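Below is one structure, written out as structure tokens, with a few remarks after it.
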Amino acid sequence: MSRLLSVLAVLLTPAFVLAQTPTYQPSTPGGTIIHGGTVHHGGTIQPGGTIIHGGTVVHGGTVVHDGTVVHGGVGHQGKAIDHAEAASRHGGILQSETFVDMEGLDINLNTLVVPKPKKLADRNPSQDIRRLLRPEESILQARVTVDKNIHENTDKLAKFEIMERVLTRDLERATRRFKRLTKLRDDERVVIKRRLSTMLQLKRKSSSQLLFKAPSYTAYRDLVAARDRIYEADQARVIAYKKQLADWKIDKADLARRRDNLAYTKEEIAYLRQTLVWDKQEQQEIRSAVRGRGEYYAEYAREMEGLDGLIRSTIATMPVVATEQFHFEKGKDNHAAPMRGSKVEGRFGKRLHPAFQVETNWRGIHVVPQRWEKRNEVRVIYRGYVSYVGWFEGLGRIVIIDHTRGYHTLYAHLDKVSVKVGDKVTATEVIATMGGTGSFHGQRLYMELRHNGEAIDPIPWIKVY
């Protein structure tokens with residue numbers, strides 16, 4: 001009889017229950033049970049029959065790794081939590097850089113879904129050029145369309161390249177965390193299998209069996225209380241494991257989403273790079289056709305002649321944004337140059353093409369820098385208000401400044417524009433960088449000065465050489 005009681009006592013003590021895995025230590029030294037549901041270990045009080053690991057308190061039956069405390073999924077004592085990454089997760093999904101600011105656009109990495117890009121259709125720039133240069137098509141329209149596509153795709157590519165770097169770091173962190181969670185899940189699964197076996201043994205020990213075998217009623221009450229507490233603790237642990245397993249499955253799906261995001265971003269980058277190659281080939285083909293063949297240059301000159309009316313019409317219909325009147329006319333021969341250290345390469349008026357003998361009438365000047373730099377800044381020659389920003393056939397990207405009292409300056413072939421309609425600008429303020437958009441003559445700045453819509457020669461008004 002005494003031998004049976006001794007075996008049962010060992011079976012029911014936390015020392016026996018918890019010593020079945022090296023991960024968890026006995027909840028009390030020597031298997032001592034304190035009546036009233038409180039267990040002592042190393043001076044730490046643990047209520048509710050919950051598990052103590054390495055002297056650290058854990059509430060609610062939550063699984064703990066490396067002695068870190070978890071309570072309701074929140075990390076305590078300033079320690080990182082391995083189980084379910086409680087310090088860096090919410091709702092069962094791994095968290096990392098939650099929001100990323102990409103040029104003013106907040107991206108939530110925990111909900112971001114990058115769509116799979118459509119497969120890129122093959123293009124033949126040489127064939128496309130023949131279509132674009134048909135007589136019924138506009139050469140200037142074809143060129144500005146290609147230039148706009150290049151600008152839009154270049155900006156889009158830059159953003160996707162930033163996103164690729166962000167998503168790569170995010171996936172690396174998420175993968176490391178998921179590996180840790182998988183190890184925790186595997187370790188806990190081994191423990192749960194052992195605990196289920198122990199729970200089955202405990203369930204088979206009925207209260208009547210304990211009553212008949214106990215040496216006294218007090219011993220019987222202690223044995224029953226110990227059995228019930230251990231059984232309830234094991235049940236709580238099984239429930240916690242089920243939650244851990246459900247969270248792990250959610251994390252697995254979330255990791256797959258992050259992998260797809262990065263893969264689809266890489267695909268989009270590859271497509272954009274190829275598209276830019278084709279666009280730039282088309283751009284070069286159009287330019288070569290106009291510069292190398294007389295019939296195309298003649299059509300180009302004819303279309304350019306028609307721009308004067310379009311510009312006058314644009315200026316006449318622009319919204320009035322000026323709230324103050326200036327005196328542009330008083331600064332003649334003293335206005336700032338549109339680019340520092342620049343020179344005039346093409347002057348106002350008629351020019352004759354030396355090879356094709358085609359005459360063009362230019363209503364502005366072409367300005368180039370004397371020293372070519374990566375960033376050649378375009379500056380407004382006199383204070384005023386930005387009244388137009390956009391794309392224009394034959395001129396590419398342009399900005400028109402209203403200097404009031406009927407005076408306007410136009411800046412064309414721009415690359416990056418740093419102002420918007422309605423901005424008030426001062427003399428020499430940078431409004432853009434020089435580019436080659438819309439130009440059939442390479443990178444340069446084209447500038448016009450107009451009074452009441454009519455073009456006038458800018459040279460007598462500005463300091464250029």
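Numerical summary
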{"read-out": "Trypsin sites (Lys or Arg not before Pro) within the range 238-314, DSSP loop, no more than 14 other Cβ atoms inside 10 Å", "value": "Arg293"}
{"read-out": "Euclidean distance of C-alpha centroids, the range 419-465 and the range 131-185, integer Å", "value": "32"}
{"read-out": "Ascending count of other beta-carbon atoms within 10 Å, so fewest first, for Phe160, Phe356", "value": "Phe356, Phe160"}
{"read-out": "Local electrostatic count at Lys119 - Lys and Arg +1, Asp and Glu -1, tallied over other residues with Cβ under 14 Å", "value": "0"}
{"read-out": "Rounded, prolate or oblate (a/c below 1.5 giving rounded, otherwise prolate when a/b exceeds b/c) for the range 337-401 by Cα gyration tensor", "value": "oblate"}
{"read-out": "Average Cα contact separation per residue, the range 306-461, under 8 Å, 6 or more apart, as relative contact order %", "value": "26"}
{"read-out": "Positive dipole terminus of the range 390-465, leading residue within Ile456, Met434, Gly394 (C-beta point charges)", "value": "Met434"}
{"read-out": "Farthest positive-ward along the range 306-461 dipole, Cα basis, beta-carbon charges - from Gln370, Val380, Val344", "value": "Gln370"}
{"read-out": "Number of Lys pairs (Cα under 22 Å; 8 or more positions apart or on different chains) in the range 306-461", "value": "7"}
{"read-out": "Net charge contributed by nearby residues that have their C-beta within less than 9 Å of Leu245 (K/R +1, D/E -1)", "value": "+3"}
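Here, each number is a calculation from the coordinates, and none is a lab measurement. Just so it is clear, the structure is predicted and the values come from calculations on it, not from any experiment. Cβ atoms come from the backbone with ideal geometry, glycine included; neighbour counts cover every protein chain shown.
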